[in-house]
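Since the structure comes first, as structure tokens, the remarks are kept for the end.
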Amino acid sequence: MVERSFDFARFENAFAVNEVAKSFTNLLAPPSAMEYVYPMLYRIAITCQRPFLFFKKRTMDRLLLMFNDELNFPHRVEMLDLVCWIFRQYMVVMDVPDLCKYYKAEGLNNKLAVECVLAFLKNTRFGTSVKPVITRHVVNLLPSNKDTSKNEDDADVGQITEDSNHLAAVPPVPVANDTLEDMDDDFDLDQYFNF
């Protein structure tokens, strides 16, 4: 028998896929088995940092059901906090067309419900206890080459890899080559961007 180390984070990431997110959100209408659904949705959205798996129209419609005050189920406050966090991330993505395209987010048809959720989010602290994963303030600098060939140093610039912890990358912003050449090693981007 050989003893091997167990990587729990890798095991959790194996469940953070579209099929699992869709299956667990199907249990939200009507809410059932919430003691199992809430921890899995939390792991997918926050622990594995993949809230974009919920940005499909049908999934978001099911998440809207959690705002119904007539429903009573276990972990209601925690679930409402998680759904608010997901909606806050969704609104950031929907405000920026590049992010919307990148995450393949789908718009919702129920405009009245979305307006009610927005009003609720403005007047509550729900969904603010966990740091956001997706932000608008991400810029990847790439040299603007008309050349289609890439050298090996530029091969992974602006690309998201599977082991990347930063899932909120937007499409790269082209920058002139002479601008990049003028930058020295201690160049501070904070003077140009408000971080």
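Placing +1 at every Lys and Arg Cβ and -1 at every Asp and Glu Cβ, with all other atoms neutral, what dipole size does the range 1-67 have around its Cα centre, in debye to the nearest 20?
The calculated dipole for the range 1-67 is roughly 320 debye.
Going toward the positive end of the dipole of the range 1-114, with +1 on Lys and Arg Cβ and -1 on Asp and Glu Cβ, which of L63, P51, N109 do you reach last?
Working it through, the farthest residue towards the positive pole turns out to be N109.
Show me the ranking of peptides 33-45, 10-22 by mean Cβ neighbours inside 10 Å, starting with the highest.
33-45, 10-22
Please work out the average accessible area per residue across the range 45-130, using the 1.4 Å probe convention, and give it in Å².
Per-residue accessible area for the range 45-130 comes out at 54 Å².
Could you give me the ³J(HN,Hα) list for the range 64-78, computed from phi with Karplus coefficients 6.51, -1.76, 1.60 and θ = phi - 60°, whole Hz, x at Gly and Pro?
Rounded to whole hertz, the list is 4, 4, 5, 7, 6, 6, 6, 7, 10, 8, x, 6, 5, 5, 5.
The values are calculated or read from the model by the stated rules, or taken from the named source; none is laboratory data. Quick caveat: nothing in here was measured; it's all calculated off a predicted structure. Here Cβ is always computed from backbone atoms with ideal geometry, including for glycine, and neighbour counts include all displayed protein chains. When the accessible area is computed, the model is the full protein with side chains, heavy atoms only, and any ligands, DNA or RNA have been set aside. Shrake-Rupley method; radii C 1.70, N 1.55, O 1.52, S 1.80 Å.
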